[in-house]
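Notes to accompany the following structure.
A short reminder: the numbers here are calculations on the coordinates, not readings from a lab. Note that the coordinates shown come from a computational prediction; the quantities given were computed from them, not determined experimentally. FYI the Cβ positions are ideal-geometry reconstructions off the backbone, even for glycines, and counts take in every protein chain you see.
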Amino acid sequence: MTIRSMTGYAQVKGTLESGRGFALSLKSVNHRFLDLQFRLPSESDGLEMKLRRLLKEKIARGHVDVTVSLDRAGDENAALSVSVNKEIVSGYVQAFRTASKDFGVPGDPDLNAILRIPGAMELAALPAGEELEQAVLANAQGALDRLNTMREEEGSATARELRDRMSRLAEGVSEVQKHRSAVQKAYMERLTIRLQELVGSQIDPARVVQEVAVLVDRSDIQEELVRLGNHVEHFLGLLQAGGEVGKKLDFLLQEMNREANTLLSKTSGLAGEALKITEAGLLMKSEIEKSKEQVQNLE
């Protein structure tokens, strides 16, 4: 299955039988869940429900803005789309003249003031209803296909980048593994000297060595290296399988970051070859953080 990004845009245009043009736009960005937001002409509740059902079948995650707009350009009757509500206007004029007569105040009604009265001017009903619904639904699948094509292209590019980062992360694990034994030896020597300074000759040197060996074993980073390697393989396997893997990859990166932090904490304060482990560990954390940014946008 193809990996998809949650970022994409698509638009299709069409013409109603009445001659008015329309456009259906789909714009998606990353989101934890599927969040559909609609901007449709009035009286389009039925259209919204059908579009919502269609989008849920084809999109798993993302914030998706769905917009249907009607084009007035090219409409021969566009000049007639605004009309005067004669009942409201005539009622106002009649009331004005009655008040003028009753109070003996001369004057004429102000047309500009009349037309600013709520409801005095009204827009002709836009062509929604069944005609718009049928036209939009006939083009919805095409818009959705274009949106998903763009999301798949973005997802493929992101997957390639993530594979490169996992490759560098695996190299970092190998680099740390090379210096592990030398670091163990340096750590043991450092602890042995320190313990002997503290206890002097009061404790059997063999016992000192035994206690140091226990401490060194607890400070060994082999388990972290093994888990990091396993996580990298699992990560690459999920990329290969494709589909809706964004949340799974994000969880794996959290685990990788935890192992990298533990690795760095166990080797902090050591000199010599341990510094190379610190450098490699910091590079590994950098790759993990950059991967997390990319994964946040995958479906």
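Tell me the net charge near R227. Cut-off is 12 Å between Cβ atoms, R227 excluded, with +1 for each Lys or Arg and -1 for each Asp or Glu. Intermediate values should be presented prior to the final figure.
Working: positive: R258; negative: E223, E224, E233, E255, E259.
Value of the local net charge: -4.
What order do you get for 39-47, 249-257 when each peptide is scored by the mean count of other beta carbon atoms within 10 Å, highest first?
Per-residue Cβ counts within 10 Å, averaged per peptide and sorted highest first, yield 249-257, 39-47.
When a/c is below 1.5 the answer is rounded, else prolate if a/b is larger than b/c, else oblate, so apply that to region 82-123 with a ≥ b ≥ c taken from the square roots of the Cα gyration tensor eigenvalues. Don't skip to the answer; put the middle values down first.
Working: a/c = 3.70, a/b = 2.41, b/c = 1.54.
Here region 82-123 falls in the prolate category.
Among T7, T267, T98, rank each residue by its count of other Cβ atoms within 10 Å, from fewest to most, as a rough exposure measure.
On the way: T7 18, T267 24, T98 10.
Ascending number of Cβ neighbours within 10 Å: T98, T7, T267.
Using r as the Cβ-Cβ distance of E131 and K50, and R0 as 22 Å, what FRET efficiency do you calculate, to the nearest 0.05? Don't skip to the end; give the middle numbers.
On the way: r = 14 Å, r/R0 = 0.66.
About 0.90, to the nearest 0.05.
By how many nm would the segment from D164 to M121 grow when fully extended, if each residue of separation counts as 0.36 nm and the alpha-carbon distance is taken off? Spell out each step's value before the answer.
Numbers: separation 43, 0.36 × 43 = 15.48 nm, distance 6.25 nm.
The D164-M121 span can extend by a further 9.2 nm.
With a Förster radius of 41 Å, plug the Cβ-Cβ distance of Q37 and S90 into 1/(1 + (r/R0)^6) and report the FRET value to the nearest 0.05. Don't skip to the end; give the middle numbers.
Values: r = 42 Å, r/R0 = 1.02.
Approximately 0.45, to the nearest 0.05.
Here is the link list: K56/K292; K27/K292; K178/K247; K58/K247; K247/K276. Which ones come out longer than 28 Å on Cα distance?
Working: K56/K292 26 Å; K27/K292 23 Å; K178/K247 33 Å; K58/K247 18 Å; K247/K276 33 Å.
Check vs 28 Å cut-off fails for K178/K247; K247/K276.
Full-extension gain between E289 and A138, please, as 0.36 nm times their residue separation minus the C-alpha to C-alpha distance. Provide the component values of the computation, followed by the final result.
On the way: separation 151, 0.36 × 151 = 54.36 nm, distance 4.32 nm.
Answer, rounded to one decimal: 50.0 nm.
Work out, step by step, the length gained on full extension between V105 and R180: first 0.36 nm times the residue separation, then minus their alpha carbon distance; give nm to one decimal.
On the way: separation 75, 0.36 × 75 = 27.00 nm, distance 10.21 nm.
Going from the current span to full extension adds 16.8 nm.
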